[in-house]
1. Just one of (1) in a strand (DSSP E or B); (2) buried (at least 17 other Cβ atoms within 10 Å of the Cβ); (3) not aliphatic (A, V, I, L, M) trips up residue 87, so point out which.
2. Can you tell me which of 46, 50, 70 is touching a strand residue (DSSP E or B) at 6+ places or on another chain (Cβ under 9 Å) and assigned to a loop (DSSP other than H, G, I, E, B)?
3. I'm trying to understand the selection: among the residues of segment 129-146, which are part of a helix (DSSP H, G or I) and out of contact with any strand residue (DSSP E or B) (no Cβ under 8 Å at 6 or more places or on another chain)?
4. Would you mention how many residues in segment 45-75 are of a type in the set (A, V, I, L, M, F, W, C), out of contact with any Lys or Arg (no Cβ under 8 Å at 6 or more places or on another chain) and closer than 15 Å to residue 27 by Cα?
5. Return a yes/no flag: does segment 23-40 have any residue that is more than 24 Å from residue 118 (Cα to Cα), touching a residue at least 40 places away in the same chain (Cβ under 8 Å) and among the basic types (Lys, Arg).
6. For segment 13-43, what are the residues that are at negative phi and part of a loop (DSSP other than H, G, I, E, B)?
7. Just to be sure, is residue 10 closer than 30 Å to residue 123 by Cβ, out of contact with any Lys or Arg (no Cβ under 6 Å at 6 or more places or on another chain), among the β-branched types (Val, Ile, Thr) and assigned to a helix (DSSP H, G or I)?
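Since every read-out is calculated from the coordinates, none of them should be taken as a lab result. Owing to the predicted nature of the structure, the values given are computational and were not obtained by experimental measurement. Counting neighbours? That spans all protein chains shown, and the Cβs are built from the backbone with ideal geometry, glycine included.
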Amino acid sequence: MNNSNKTITIKRTFDAPLSLVWEAWTTAEHIAHWWGPKGMKTTIIEHHFEEGGTWKYSMIMPDGNEFLSEGTYLTIIPFKKIKTTADFKPMTEGVQIEILFEESGGKTDFTFHVMHPTEAYRIAQEKMGIYNGWGSVFDRLQAYLITL
């Protein structure tokens, strides 16, 4: 991956087949169940899963504060790759996310890249707790996959 000094990478293996992980990641009614760190309630405002399509989700914290996450899909290769712009207002703005999916013996290997405009911004995001935040989201996704 180019620009590695600007990129945060998180890898997981989900204990679910690729088709199920893909469906959970790309379908609005599923996304609402797991998107956002633990304790957040997510409402899908818009979700147009196609190249050039936009997405916008509202995440409500337990204390009532609202965060908006939104972006535009840049690349979609079914069951392999999603690339999107992403803003998580007010915490993170102007990043791109690239998600890679790979079937692995009935499980799904998952690589998640967050590409920042500068190395300094990446470092600031690390200090803010980006690994814990996304780790919590992926824990919620794994727990949700088990219910499907």
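1. Among (1) in a strand (DSSP E or B); (2) buried (at least 17 other Cβ atoms within 10 Å of the Cβ); (3) not aliphatic (A, V, I, L, M), the lone unmet condition for residue 87 is (2).
2. Answer to the selection: 50.
3. 132, 133, 136, 137, 139, 140, 143, 144, 146
4. 2
5. Yes - at least one qualifying residue is present in segment 23-40.
6. Hits for segment 13-43 are 15, 16, 17, 27, 35, 37, 38, 40.
7. Answer is no for this residue.
Listed here are the residues, each with its yes/no results for (1) farther than 15 Å from residue 138 by Cβ; (2) within 13 Å of the chain's Cα centre (by Cα).
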residue: 20; (1), (2): no, no
residue: 25; (1), (2): no, yes
residue: 48; (1), (2): yes, no
residue: 51; (1), (2): yes, no
residue: 57; (1), (2): yes, yes
residue: 70; (1), (2): yes, yes
